[in-house]
Amino acid sequence: MNLRTLGLRKSSPLRADHPGIGQRCVLCKRAIRAGDRTGLVPPLDSEEPALADGLICHWTCIESGLSRLRQGETAAGTTRQFLESWADAFSRQAVAGERCDAYTSEADFILKNGRSFEYATLPRGVRMGRSRECFRNAATLALRKPDIYMYVEGYAVNRWIAMHTVAHAWCINSDNLVVDPTWDEGAEYFGVPFRHDYLRRVLKARRD
């Protein structure tokens, strides 16, 4: 896991005059001391760490916590089960209201037109995009290399971001393996591939 993608920055051993000396580690609650290596967590609305916010941790505490999180596993079929539950709820509402739409919900559309995809490490020559901009990152990659990648929208799981299924976008290669320029450790991808011409039309309409 690249901790920089989470906004974490590892410090050099702190000097005695560092402003963080004496503050409490957010994770273990022990005081930060001279010589400690620490990490600063930026506020949600900022890309830069802010010491004034007091979000400072021992680096060993950060690594230990992330190691425990990594050891957890996501059950197979998690995303499909989430979509099926969502689609079922809306389907029952549609029947009660006698609606005849082709799709009763976004989940229904994804289940009927999408499929699951297996995660693969980012191939050489593909760079990670900006965090929290998965739709832009995936669309950019697909349109830059249309002979290699196809754009996909759907849902997936990333335990570093949330413990549940979230909306996401990624690309797939000719082997239908995930090429994700936003997450470097995702799982349970389920989504719908979109043709390049349709993607271009949608992006153009949004610009206009």
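The values are calculated or read from the model by the stated rules, or taken from the named source; none is laboratory data. Worth saying up front: this structure is predicted, and the values here are computed from it rather than measured. In this analysis, Cβ positions are derived from the backbone assuming ideal geometry, glycine residues included, and neighbour counts consider all displayed protein chains.
Structure values in brief
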item	result
Within segment 120-159, considering residues that are within 13 Å of VAL179 (Cα to Cα) and of a type in the set (Val, Ile, Thr), the one surrounded by the most Cβ atoms within 10 Å (Cβ to Cβ)	VAL152
Any hit, segment 128-142, residues being farther than 28 Å from ALA76 by Cβ, at pLDDT 95 or above, under 18 Å from the mean Cα position of the chain (by Cα) and among the aliphatic types (A, V, I, L, M)	yes
Residue tally, condition modelled with pLDDT under 80 and not in a loop (DSSP other than H, G, I, E, B), over segment 4-34	5
Segment 35-65, subset assigned to a helix (DSSP H, G or I) and among the acidic types (Asp, Glu), residue modelled with the lowest pLDDT	ASP53
Residues satisfying the stated conditions in segment 160-186, i.e. crowded, with 19+ Cβ neighbours inside 10 Å and under 20 Å from GLU106 (Cα atoms)	THR165, HIS168, ALA169, TRP170, CYS171
Per-region count, segment 113-125, residues of a type outside the set (Gly, Ala, Ser) and within 17 Å of the chain's Cα centre (by Cα)	5
